[in-house]
Amino acid sequence: HAFHIHQLHFLVLEKNGVPVNNPMLLDTISVPYWDGKSRTYPSVKVRLDFRDPEIAGTFVYHCHILEHEDGGMMGKIEVDPTP
């Protein structure tokens, strides 16, 4: 799955529970598919930084495989910087 978020980047911290050697900023990352047999799902751990008060609004994230996106692999993050 090609996970993507609009309007900002994220820092990749881990892949399948293993810290990455060279964290980098991306807006899309490949998440391996689950083989249907393993006891754990493939995963990535990312950090999105919403501390800047200029970063506000709705941020859409989704799988770049259109059939998956249409099947529900999408969502939104609402950021309201008011205290």
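The values are calculated or read from the model by the stated rules, or taken from the named source; none is laboratory data. Small disclaimer: the values here were computed from a predicted structure and weren't measured. All Cβ positions, even for glycine, are placed from backbone atoms using ideal geometry, and neighbour counts span all protein chains on display. Please note that ligands, DNA and RNA were not included when accessible areas were found on the heavy atoms of the full protein model with its side chains. Shrake-Rupley method; radii C 1.70, N 1.55, O 1.52, S 1.80 Å.
Applying the criterion of being free of Cβ contacts under 8 Å to residues at least 24 places away in the same chain and surrounded by 10 or more Cβ atoms within 10 Å (Cβ to Cβ) to the residues of the stretch 33-48, the residue that is nearest to H1 (Cα to Cα) is W34.
The residues of the stretch 71-80 that are open to solvent by 90 Å² or more (accessible area, probe 1.4 Å) and either in contact with a Pro (Cβ under 9 Å, 6 or more places away or on another chain) or in a loop (DSSP other than H, G, I, E, B) (or both) amount to a single one, D80.
Figure legend. Inter-residue proximity from the stretch 49-61: first residues surrounded by fewer than 12 Cβ atoms within 10 Å (Cβ to Cβ), second residues at pLDDT 90 or above and of a type in the set (V, I, T), beta-carbon distance below 9 Å, spacing 6+ or different chains. Indicated pairs: G57/V79; T58/I77; T58/V79. Apart from one condition, P83 fits all of (1) open to solvent by 100 Å² or more (accessible area, probe 1.4 Å); (2) within 14 Å of the chain's Cα centre (by Cα); (3) not small (G, A, S); the exception is (2).
Within the stretch 55-77, being closer than 17 Å to I29 by Cα and either at pLDDT below 90 or touching an Asp or Glu at 6+ places or on another chain (Cβ under 7 Å) (or both) holds for H62, C63, H64, I65, L66, H68, E69, M73.
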